[in-house]
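Here's the structure, in structure tokens; my notes come after.
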Amino acid sequence: FNELDQAEKHVGGDWEAVRGLLGGKGTNLAEMARIGVPVPPGFTVTTEACNAYLASGGSFPEGMWEQEKEALTAIQAETGKTFGNRENPLLVSCRSGAKFSMPGMMDTVLNIGLNDETVKGMIELTGDERFVYDAYRRLVQMFGNVVMGVPDEAFEEILTEVRKKQGVRTDTELTADAWKSVTEKFKEIFKRRTKLDFPDDPYVQLKLATEAVFKSWNGKRAVDYRNAAGISHDLGTAVSIVTMVFGNMGEDSATGVAMTRNGSTGENQIEGDYLTNAQGEDVVAGIRLTKDLTQMKTELPKAYAEFEQIARRLEKHYHEMQDVEFTIEKGKLWMLQTRDGKRTAQAAVRIAADMVEEGLITREEAVLRVTPEQVDFFLHPQFDPEAAKMARTGGNMLAEGLNVSPGAAVGMVVFEADLAEEWAKEGKQVIMVRPETKPDDVHGMLAARGILTSRGGRTSHAALVARQFGKPAVVGVSSLEIDMGRRQMAVKDKIIKEGDWISIDGTVGEVYAGKLATMIPDIKDPWLRKLLSWADEFRTLGVWTNADYPHDARRALEYGAEGIGLCRTEHMFFQSDRLPHVQKMIMADLPIERSEALKALLPFQREDFAGLFQVMNGLTVIIRLIDPPLHEFLPSQVDLLRDLADLKIRLQHAGKLKKIDELLGKVRNKERILKRVESLHEANPMLGLRGVRLGILIPELTIMQVRAIFEAACMVSKEGVDVRPEIMIPLTTHVNELKKQREVLEAEAMIVMEERGVEINYKFGTMIELPRAALTTDQIAEYASFISFGTNDLTQTTFGISRDDAEAGFLIEYMENGILPDNPFDTIDRDGVGELMKIAVEKGRAVRPGLECGICGEHGGDPQSIALCHELGLNYVSCSPFRVPIARLAAAHAAL
Ligand code: PEP
Ligand code: MG
């Protein structure tokens, strides 16, 4: 395996190209040989040769076979063994190996070089007839199957027959004689099926095996795999010819597999399994009970010491944790394979951080090695993978939906918010299940472990709230039929009643019946903390959070947030102690009624803001003024009509005058509300009276909010808190809206500061969430000291696709058909929405240099979108608290 220099020269020193030429396995074998790790002598036939062979329709390129024979001669010199020689026969394997690992997809032939003559020599050498005939029959079998296309069943049938005849259950119990007769029978099959004798000539064996491996590149399995894995079909496979070494040559021989570090925890300790007097397959196939590698320390101390040293050397060379295969033949250690080891998220983080401390990799490399998904793993409980697998295979997976808020949750099904709260108070674990959620379900959602809905999309109410609070959620599970009347839900014929246990996986969007075991990783993991602190050194984007309540803000701070980019004030209105005042305000007929209701709301809002300011001492808090249409705060038309019908029936049957009076009062009240609801009804409320339009129509409402903000700011500022409020006006589409609102709001701010005798450092700004606003950000920037992209609405309005309905309908179809590459509500659409953002940033900063630009739509927590925000030069991304650590890493990736 000394072809590395030559290969490098051939491709001009490009390392990727070397891997392309020699394949992953061949390159690693050659690299190990180069750094002095003992690998069995061998050589690699390149992918170029394979491609030439396939292109010519099946002939070796000129000179290739001569080179192969020459290389074999060199191996003979190195090993002192000779191909086809009875005294000291050389046996080789012929292994496939493409640039990218395609496990088990292509072919391999072992024990090439055995024939009736060399078998005798091998028996003399090893003194183990049983082992040698087993090896021989393997060659006939593999050669027959892989090279000549004899179906494996033909060979397996014989094996079964012989086992039966000998009265044994497993192959390991078969005697030497049995293997000898199996070999003979295999040869007969070979002849019958191929009309040829099994080739005695080792060179013929090698030649045909090389061809077979070449051809296996275009085998059905391999083609299917490449299609699925997105690997190009023109790469070809290399063929490595490797001297056979045997781990089954007595008690001083062994074979095993190992990882240079613990693949589950990342601990810097070699772990693995081995077997003495066994072949590689025995370890992998699990036929025999393997031993823990630590036992090798005492059983084969010399070989172990060498192995340990090699493991370290490989890590040093690859700067990565390695997954290796080795064989010890009569006390001599051989490394057969090395590759980067698979690991859990936890292990990935720890290994990356440890390797920096050990001087193996740089901080940049460590940060780049960990993926945002791996960080996400630390933030939510997960299902034990084994439990999930068992549930899946056991038929307990009920349905799939949108994975809108990650993590695993287990609980009893509850269909109503009040009951969810009640049960949770009793200490029960509940999962709140609804067709969809509404703001007045929030208390139930908070009490629940997880949320499941049959309708709604990625920015549905359920999804937003769930992400905000880090509650696992699966929404839009269309196969779920919820029968609120019967208090049960069904998937096909499987019925789940209220109180039954279910498990939901918000990470992948799966719903299971029953309780699945969970495990909880943790953000306090010291390695994760270290890694994220390095990420912070590299990123230039700020990472802020969307938080409405002090406890969310506190959590976000703990996760590393540097400001609040969005506080949705209307969420405060929905709390049960404020909702009646909000409703009164909406129902008010007279200005005096309205102002009374607003006056009652003011102290609540002031308290809310004060709480946020206190937590965010010294950091910016962007407070967005009320956004949703007013009817959202009132009962639905359907509910009102039902209640009215109910009341009227009761009225007909009411006997006592007092009762009639009371019911009449109720009817009138409901009718009044219904009238107001009808007057507020809009066919398309998302495009209706919401956002800044509310503030323009009912200025008292937003003035009250600004008063509350400034009163709170003055109050906590006097306590010594460093307050930095920024007031954000939503849904601006024309500069005049902003101009008009800002005038009245800023005037109120001045009044409050004057009253309180406190100067507050504040800003007024707006959301850019409508295309027109993005296209006119130069005009808008005259009146906005900052802008924040509301990419939820900007996506909705740019595409003309409803953010609430689309994912339950055609959008999923669009993605499946490749009409859209990604869900635009998940990942910012670069060409459309991204372009609008670019225009807005450029135009805005042209008028107001250094204009603070951020994003507070859900995309602020999506790594691909974060990369775009970095490119556009935004100041920060703002995302839900549970996305903050992911955003820190993704922002560093974008910068590196
Ligand atoms: C947005 O539209 O992106 C946004 C942040 O506002 P909301 O989701 O509250 O409409
Ligand atoms: Mg919006």
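Annotations for the structure displayed:
- Two-decimal Rg to Rh for region 492-649 - Kirkwood Rh, Cα set: 1.10
- Based on alpha-carbon atoms, the Kirkwood radius and the radius of gyration of region 553-597 give Rg/Rh equal to 1.25.
- In degrees, nearest ten, helix 301-318 long axis to first principal axis of the chain (Cα): 50 degrees
- Proxy reagent accessibility, fewest Cβ within 10 Å first, across Leu72, Leu689: Leu689, Leu72
- Looking at the chain, the DSSP beta bridges with both ends there are about 60 percent antiparallel.
- Calculated diffusion of region 611-666, Stokes-Einstein form, Kirkwood radius summed over Cα pairs, 25 °C and 0.890 mPa s, µm²/s: 159 µm²/s
- The count of lysine pairs in region 393-517 that are at least 8 places apart or cross chains, and whose C-alpha atoms lie under 23 Å apart, stands at 15.
- Rounded tilt (10° steps) of 15-34 against the dominant C-alpha axis of the chain: 60 degrees
- Using only alpha-carbon positions in region 393-517, the gyration tensor eigenvalues give semi-axes of 18, 16, 14 Å once each is multiplied by 5 and square-rooted (largest first).
- Here's the list of lysines a cross-link from Lys9 could span, going by alpha-carbon distance under 20 Å and ignoring same-chain residues fewer than 8 apart: Lys25, Lys99.
- Each of Glu68, Glu8, Glu807, Glu251 has some number of other Cβ atoms within 10 Å of its Cβ, and from fewest to most they run Glu251, Glu8, Glu68, Glu807.
- Rounded, prolate or oblate (a/c below 1.5 giving rounded, otherwise prolate when a/b exceeds b/c) for region 36-243 by Cα gyration tensor: oblate
- Cross-link partners of Lys207 among lysines (Cα-Cα below 16 Å; sequence separation of 8 or more within a chain): Lys69, Lys215
- Reach of Lys297 by Cα under 24 Å, taken over lysines that are not fewer than 8 positions away in the same chain: Lys316, Lys330, Lys332
- Using alpha-carbon coordinates, inclination of helix 526-538 to the longest axis of the chain, degrees: 70 degrees
- Per-residue ellipticity at 222 nm from helix content only, as computed over the chain with -39500 (n - 2.57) for each DSSP H run of at least four residues, stands at -15000 deg cm²/dmol.
- Cα shape, region 173-299, gyration tensor, a/c 1.5 rule: oblate
- Local net charge near Thr73, Cβ-Cβ under 13 Å (Lys/Arg +1, Asp/Glu -1): -2
- Under 10 Å, Cβ to Cβ, from Gly250 - net charge with Lys/Arg +1 and Asp/Glu -1: -3
- Prolate/oblate/rounded call for region 254-343, Cα gyration tensor, a/c under 1.5 rounded: prolate
- If you look at the Cα atoms of region 588-739, you get an Rg and a Dmax of 20.5, 65 Å.
- Whole-percent pair-distance distribution, where bins are 5 Å wide, for the alpha carbons of region 637-681: 5, 24, 30, 20, 11, 7, 3, 1
- Relative contact order [Cα under 8 Å, 6+ residues apart], the chain, whole percent: 9 percent
- At 1.002 mPa s and 20 °C, Stokes diffusion of the chain via Kirkwood alpha-carbon radius, µm² per second: 66 µm²/s
Quick note: the coordinates plus some simple rules give every number you see, no bench work behind them. What you are looking at is a predicted structure, and each value in this text was computed from that prediction instead of being measured. So basically every Cβ, Gly included, is an ideal-geometry build from the backbone, and we count neighbours across all protein chains shown.
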